[in-house]
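Taking it in order: structure first as structure tokens, then the write-up.
The values are calculated or read from the model by the stated rules, or taken from the named source; none is laboratory data. Predicted model only: the values in this text are computed from it and were never measured. Positions of Cβ are backbone-derived with ideal geometry, glycine not excepted, and every protein chain shown enters the neighbour counts. Side chains included, ligands, DNA and RNA excluded: accessible areas come from the protein's heavy atoms. Shrake-Rupley method; radii C 1.70, N 1.55, O 1.52, S 1.80 Å.
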Amino acid sequence: MRCDLHVHSVASGMFDAPGLSLICRECYTEPAEVYERLKLLGMSIVTLTDHDSIDAAESLRHHADFFLSEEVTVRMPSGTLMHLGVYGITERDHIEIQRRRNDFMALRMYLAERKLFFSANHVFSGLTGRRKDDDFASWATHIPALEVRNGQMWTEANRSAERLAKRLSKVRVAGSDSHTIAGVGRTYTEVPKARTAEDFLAGLRAGRGEIHGDHGSYAKLTADVYRIVRGMFAEQPWTLPLMPLAVLIPAFTAGHWLNEMRFCCKWSRRVATREKQPRMPWSLGSGMETNLAG
């Protein structure tokens, strides 16, 4: 059974970068289009992980192979931000998760109480800003899974996440992190012998997930930014006078890509010497419940 565990739709909302938050979305792909592409590419079950949103669920809930998830922006005890993929949730879970997302420990306790499966996404990326040593210590103790292949991340960033997951005995997951239709379903997680979404998530908890698909690249990122900008022009024609600025996109993405490489190299070196730490005692029995109904 295959599933892209990190994919976005138009429900991910607006860019949070200064100047873009009023005019440009993170993604312009409709949920139905994402679903159709995932099925075309052989995904057995489908979920969306929009940023702090489950608004896309309404148009997909009639599909028996769809389950509800989200990518949560979480404030760590250090004050930094990170992205947490939370899977198999209910609408009520979404409300409670959003209430607690500015308090990592309160959120962690809720997820444990509800027996929800969750993962730290793109751990060697600077997308959410600065990082501190305490963040990695918190993940080592309190998070059951790491995203070890992200379809938008530098290959070495994914490999560093893979090494960290192995060192900490964490569950490994993968997803495309696609904000355009081009990358949807190109990176995914497979669980052998699973027959339902519940089986799939139980298999992940038991460490039976297999990682497949593409890494990211500068060219892929640049092409996706062009696609997003094209979506902005189509949705908001009044922004067309900004079109000449599109010539700057390759320079912008080059700067971003170099910063991502620097961030990965810095933090992968800093965590490489950490001692192996066990999984937390409360989290990972394969019999943990999911909440796929409701």
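Residues in region 13-34 that are surrounded by 13 or more Cβ atoms within 10 Å (Cβ to Cβ) and either touching a Pro at 6+ places or on another chain (Cβ under 7 Å) or assigned to a loop (DSSP other than H, G, I, E, B) (or both): Gly13, Phe15, Leu20, Ile23, Cys24, Glu26, Cys27, Tyr28, Thr29, Glu30.
What pairs come up if the first residue lies in region 141-161 and is part of a helix (DSSP H, G or I), the second is small (Gly, Ala, Ser) and open to solvent by less than 30 Å² (accessible area, probe 1.4 Å), and their beta carbons are under 7 Å apart, counting only those six or more places apart or on different chains? Close Cβ pairs satisfying both conditions: Ala157/Ser125; Ser160/Ser268.
Among the residues of region 102-136, the one identified as out of contact with any helix residue (DSSP H, G or I) (no Cβ under 9 Å at 6 or more places or on another chain), free of Cβ contacts under 8 Å to residues at least 40 places away in the same chain and assigned to a helix (DSSP H, G or I) is Glu113. Scanning region 178-201 for residues that are closer than 16 Å to Ile45 by Cβ and open to solvent by 20 Å² or more (accessible area, probe 1.4 Å) yields a count of 8. Among the criteria (1) under 15 Å from the mean Cα position of the chain (by Cα); (2) open to solvent by 10 Å² or more (accessible area, probe 1.4 Å), the one Ala145 does not fulfil is (2). Consider region 167-177 and keep the residues that are charged (D, E, K, R) and not in a loop (DSSP other than H, G, I, E, B). The one that is surrounded by the most Cβ atoms within 10 Å (Cβ to Cβ) is Arg172.
Considering only region 119-141, state which residues are under 13 Å from the mean Cα position of the chain (by Cα) and open to solvent by 40 Å² or more (accessible area, probe 1.4 Å).
The answer is Leu127, and nothing else.
Spot the failing condition for Ile249; the list is (1) closer than 23 Å to Arg25 by Cβ; (2) assigned to a strand (DSSP E or B), and only one is missed. Result: Ile249 passes all but (2).
When Arg37 is tested against (1) over 30 Å from Thr141 (Cβ atoms); (2) open to solvent by less than 20 Å² (accessible area, probe 1.4 Å); (3) at pLDDT 95 or above, only condition (2) is not met. Taking the listed residues Arg270, Arg208, Arg227, the one that is open to solvent by 60 Å² or more (accessible area, probe 1.4 Å), in contact (Cβ under 8 Å) with a residue 12 or more places away in the chain, more than 28 Å from His142 (Cα to Cα) and out of contact with any Phe, Trp or Tyr (no Cβ under 7 Å at 6 or more places or on another chain) is Arg227, with no other qualifying. Within region 40-64, being open to solvent by 10 Å² or more (accessible area, probe 1.4 Å), aliphatic (A, V, I, L, M) and in a helix (DSSP H, G or I) holds for one residue alone: Leu40.
Would a scan of region 99-118 turn up a residue that is open to solvent by less than 40 Å² (accessible area, probe 1.4 Å), on the phi > 0 side of the Ramachandran plot and touching a strand residue (DSSP E or B) at 6+ places or on another chain (Cβ under 6 Å)? Within region 99-118, none of the residues are open to solvent by less than 40 Å² (accessible area, probe 1.4 Å), on the phi > 0 side of the Ramachandran plot and touching a strand residue (DSSP E or B) at 6+ places or on another chain (Cβ under 6 Å).
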